[in-house]
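A.B. asks: Here it is, the structure, as structure tokens.
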């Protein structure tokens, strides 16, 4: 029964967030404390009703590059820790059984567990990798909590700063925004290939 609890909570939160999105936005704008903003950043990372890269860009546009990235960093890091803990507590054993069914996934997991800090750090720096999938996968795999948390926190910084910077500069230079976005996508694809080759070499 408890295995169905997390998806049920997730769906209810999505429905609630979408239904009361206007009220949430009004509440956020009227808040004089940073805590509502940080709470909303965490909730949007946990329940992605919007692409989080767009959320970071909006934060950069609203609060500037540094403070926008800082708010996103606190929110996403808190969400990453929560998802990791829930995945490790509820889904580690069935998740490991699932991974063992597929030799490729099982081999990849074994390689990742040999170099967890480097692997998590690199994958956090690749924007095209779904971060929620990383959070769940890390909870299922035998990655130490503090290794995961430290690598995630450090690895998120460059991407968050970049998207906050893009959001901050969009109104002033849309052309630069388009060029930098294309460059980010190209670098992300190169990063995926680099991570794959790195883990392959370390596994041999």
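A.B. asks: For residue 74, state whether it is under 19 Å from the mean Cα position of the chain (by Cα), under 25 Å from residue 164 (Cβ atoms) and free of Cβ contacts under 8 Å to residues at least 40 places away in the same chain.
C.D. replies: On the way: under 19 Å from the mean Cα position of the chain (by Cα): yes; under 25 Å from residue 164 (Cβ atoms): yes; free of Cβ contacts under 8 Å to residues at least 40 places away in the same chain: yes.
Spelling it out, residue 74 is indeed under 19 Å from the mean Cα position of the chain (by Cα), under 25 Å from residue 164 (Cβ atoms) and free of Cβ contacts under 8 Å to residues at least 40 places away in the same chain.
A.B. asks: Let me ask something else. Is there a residue in the range 37-57 that is over 20 Å from the mean Cα position of the chain (by Cα), modelled with pLDDT of 75 or more and surrounded by 15 or more Cβ atoms within 10 Å (Cβ to Cβ)? Spell out how you get there, then give the answer.
C.D. replies: Step one: of the range 37-57, the residues over 20 Å from the mean Cα position of the chain (by Cα) are none.
No: zero hits.
A.B. asks: Hey, another quick one. Looking at 92, 97, which one is in a helix (DSSP H, G or I), touching a helix residue (DSSP H, G or I) at 6+ places or on another chain (Cβ under 9 Å), at pLDDT below 90 and farther than 24 Å from residue 54 by Cα?
C.D. replies: Details: 97 fails: touching a helix residue (DSSP H, G or I) at 6+ places or on another chain (Cβ under 9 Å).
Result: 92 is the single residue among 92, 97 that is in a helix (DSSP H, G or I), touching a helix residue (DSSP H, G or I) at 6+ places or on another chain (Cβ under 9 Å), at pLDDT below 90 and farther than 24 Å from residue 54 by Cα.
A.B. asks: Something else: Being crowded, with 17+ Cβ neighbours inside 10 Å, within 22 Å of residue 47 (Cα to Cα) and modelled with pLDDT of 85 or more is the filter here; which residues of the range 110-140 pass it?
C.D. replies: 120, 124, 131, 134, 135, 136, 137, 138, 139, 140
A.B. asks: Right, here's the next one. Considering only residues that are more than 12 Å from the chain's Cα centre (by Cα), surrounded by 21 or more Cβ atoms within 10 Å (Cβ to Cβ) and part of a helix (DSSP H, G or I), which ones fall in the range 141-157?
C.D. replies: Answer for the range 141-157, where residues must be more than 12 Å from the chain's Cα centre (by Cα), surrounded by 21 or more Cβ atoms within 10 Å (Cβ to Cβ) and part of a helix (DSSP H, G or I): 148, 151.
The values are calculated or read from the model by the stated rules, or taken from the named source; none is laboratory data. Being a predicted model, the structure only gives us computed values, none of them experimental. Glycine gets a Cβ as well: all are built from the backbone with ideal geometry, and neighbour counts include every protein chain shown.
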